[in-house]
Each structure stands twice: as C-alpha cells, then as structure tokens.
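First comes the structure, then the notes that go with it.
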C-alpha cells in the first residue's frame with residue numbers, strides 16, 4: 001500500500017504541476033467571469049419566480065378579502081329581509097374567507113420580504129460581476145505589461161552578452177579589408193592596362209606642376225610678353241634697370257659695329273624672343289615627360 005500511495009501522490013503532484021503551468025490568467029478570468037454571468041442569469045430567473053409567487057399570493061389575498069366583503073354584503077341583505085338564519089350562514093362564510101385571506105396575507109408579506117432580499121442579493125451579484133469585469137481588464141493589462149517587461153529583460157540580458165557586438169566589430173573589420181582589396185585591385189588594373197591618361201589628369205587637378213607653371217609665367221613677365229604679377233613688378237623693374245645699365249656700359253666699351261647689324265627691327269627681336277621661349281618650353285616638356 002505504501003508504494004501505491006506514493007505513486008498516487010506522484011501522479012497527483014505531476015498533474016497539478018501540469019495544470020498550473022497550463023493555466024492562462026486571461027483565459028481563467030474569462031472562464032470565471034462567464035460562470036458568474038451564468039450564475040447571474042440563474043439568479044434573475046429565481047428572483048423572477050419569487051416575484052411571480054409574491055404577486056400570486058397578493059392576488060389570492062385580495063381575492064379572499066373581496067369574497068369576505070361579498071358575504072358580508074349578502075348577510076346584510078338577509079338581515080334586511082328579516083332572515084336571520086340566512087344572515088348567520090353568510091357571516092360564517094364571510095369568516096371563512098377572512099381566515100383564508102389572513103393566511104394569504106401572512107404568506108404574501110413573507111414572500112414580499114423574501115423577494116426584496118433576493119433583489120438586494122441580485123443587485124449585489126450584478127455589482128460583483130461588474131467589478132470582476134473591471135478587475136479582469138486591469139489584471140489582463142498587468143499581465144501583458146509583465147510579459148512585455150519580461151521580454152525586454154530577456155532581450156537586454158541577451159544584449160549583455162558581448163558576442164553580438166564582437167560579431168559586429170569583426171564584420172566591420174572584414175568589410176574594411178574587402179574595401180581595401182577592391183581599391184588595390186582597381187589601382188593595379190589601371191597600372192597594368194597602361195592607361196596613364198587618367199593619372200595625368202588627376203595629377204593636373206591635384207596641382208602637380210604648379211611650380212614649373214609659375215616659373216614659366218615669371219619668365220614671360222620678365223621678357224615683357226605678359227603682364228607681370230603685382231608681387232613680381234618690383235623685381236622685374238629692378239632687373240630691367242640693371243639690364244639697361246649693362247647695355248649702356250657695353251655700348252660704351254664695345255667697338256663700333258656695322259649699322260646694318262647693330263640696329264635690329266622689332267620683328268627681329270620678336271623672332272628671337274619666340275625662339276628662346278620655344279626652346280625653354282621644349283625643355284620643360286621634356287622634363288615633365
């Protein structure tokens with residue numbers, strides 16, 4: 001018997017545990033409320049029956065009372081007719097109906113009090129059901145809020161593990177490596193294809209060769225081919241003055257030359273200047289290449 005008793009206890013405990021785990025508060029509250037609604041319907045039916053009985057007793061009481069009054073009237077008629085015997089019989093019948101009406105009155109009053117108590121109980125039950133409905137809504141809202149908080153807590157607990165963030169960092173490093181490999185491949189492909197034109201344009205846009213261009217413009221300004229920059233006007237004038245003085249000194253010390261050779265025209269000077277400039281530009285281009 002000890003083994004069977006323990007086995008029965010084990011089965012009951014497991015069943016109770018399964019039932020407890022299977023209980024859903026929202027469903028349980030809905031079921032309880034449904035049962036209370038059914039009880040309210042049954043209570044209303046019972047109160048209706050009690051009210052009907054009370055109305056029936058009231059009618060019986062008034063009916064017997066009316067009959068008693070009717071026999072009293074008949075007794076009075078017999079007395080007027082000088083028939084005392086008939087009057088006595090009518091009074092006896094009147095007394096019977098008064099007795100019955102008194103009994104019905106007692107039952108009617110008791111039934112009426114019972115109906116009032118049943119009505120009060122019905123109102124109380126109805127108020128309890130309405131309160132249960134409100135509590136149900138509140139409890140369901142609390143249940144959903146607790147479930148949401150539990151879900152958030154579980155999510156935060158999962159985020160507390162650094163493995164997810166480590167994965168993000170590792171993927172970011174991997175993507176950066178892929179981008180670097182893609183850029184290196186594109187650069188290597190451009191060099192192997194021999195297409196250096198784009199590289200030249202990039203170097204030009206980045207300002208490469210700016211120093212050579214400035215030197216060429218300064219030389220042109222010194223030669224009077226272009227207008228000198230404001231910052232270079234003073235040095236150019238000084239250089240021009242020095243050159244003029246040197247020419248005058250050379251003219252004083254040099255022997256007298258043939259007039260046809262010593263006096264060059266403006267066109268000849270322009271050709272000489274263009275010749276020197278083209279040689280300089282050729283040198284600069286060969287340097288860039």
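The values are calculated or read from the model by the stated rules, or taken from the named source; none is laboratory data. This structure is a prediction, so every number in the text was calculated from the model and none was measured. With ideal geometry, Cβ positions are generated from the backbone for all residues, glycine too; neighbour counts draw on all protein chains shown.
Of these, 60, 39, which one is more than 41 Å from the chain's Cα centre (by Cα) and within 19 Å of residue 130 (Cα to Cα)?
Details: 60 fails: within 19 Å of residue 130 (Cα to Cα).
Among 60, 39, only 39 is more than 41 Å from the chain's Cα centre (by Cα) and within 19 Å of residue 130 (Cα to Cα).
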Quiz prompt | Number of the condition not met by residue 85 [criteria: (1) under 20 Å from residue 50 (Cα atoms); (2) in contact with a helix residue (DSSP H, G or I) (Cβ under 9 Å, 6 or more places away or on another chain)] | solution = (1)
Quiz item: Looking at the range 40-47, is at least one residue part of a helix (DSSP H, G or I), under 30 Å from residue 144 (Cα atoms) and either free of Cβ contacts under 8 Å to residues at least 60 places away in the same chain or assigned by TED's automatic domain parsing to the domain that holds residue 147 (or both)?
Solution: yes
Self-check item: Candidates 121, 114, 68, 110 - the one that is surrounded by 12 or more Cβ atoms within 10 Å (Cβ to Cβ), in contact (Cβ under 8 Å) with a residue 12 or more places away in the chain, over 60 Å from the mean Cα position of the chain (by Cα) and assigned by TED's automatic domain parsing to the domain that holds residue 52
Solution: 68
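Out of curiosity, is residue 82 at pLDDT below 90, in a helix (DSSP H, G or I), over 50 Å from the mean Cα position of the chain (by Cα) and exposed (fewer than 14 other Cβ atoms within 10 Å of the Cβ)?
Values: at pLDDT below 90: yes; in a helix (DSSP H, G or I): no; over 50 Å from the mean Cα position of the chain (by Cα): yes; exposed (fewer than 14 other Cβ atoms within 10 Å of the Cβ): yes.
Answer is no for this residue.
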Practice problem: Might you let me know whether the range 74-97 holds any residue that is assigned by TED's automatic domain parsing to the domain that holds residue 147 and on the phi > 0 side of the Ramachandran plot? | Solution: yes
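For the range 5-23, indicate whether the set of residues that are in contact (Cβ under 8 Å) with a residue 40 or more places away in the chain, surrounded by 10 or more Cβ atoms within 10 Å (Cβ to Cβ) and either assigned to a helix (DSSP H, G or I) or not assigned by TED's automatic domain parsing to the domain that holds residue 144 (or both) is non-empty.
Of the range 5-23, the ones in contact (Cβ under 8 Å) with a residue 40 or more places away in the chain are none.
No, the conditions are met nowhere in the range 5-23.
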Quiz item: Hey, any hits in the range 149-164 for a residue that's touching a residue at least 60 places away in the same chain (Cβ under 8 Å) and under 30 Å from residue 31 (Cα atoms)?
Solution: no
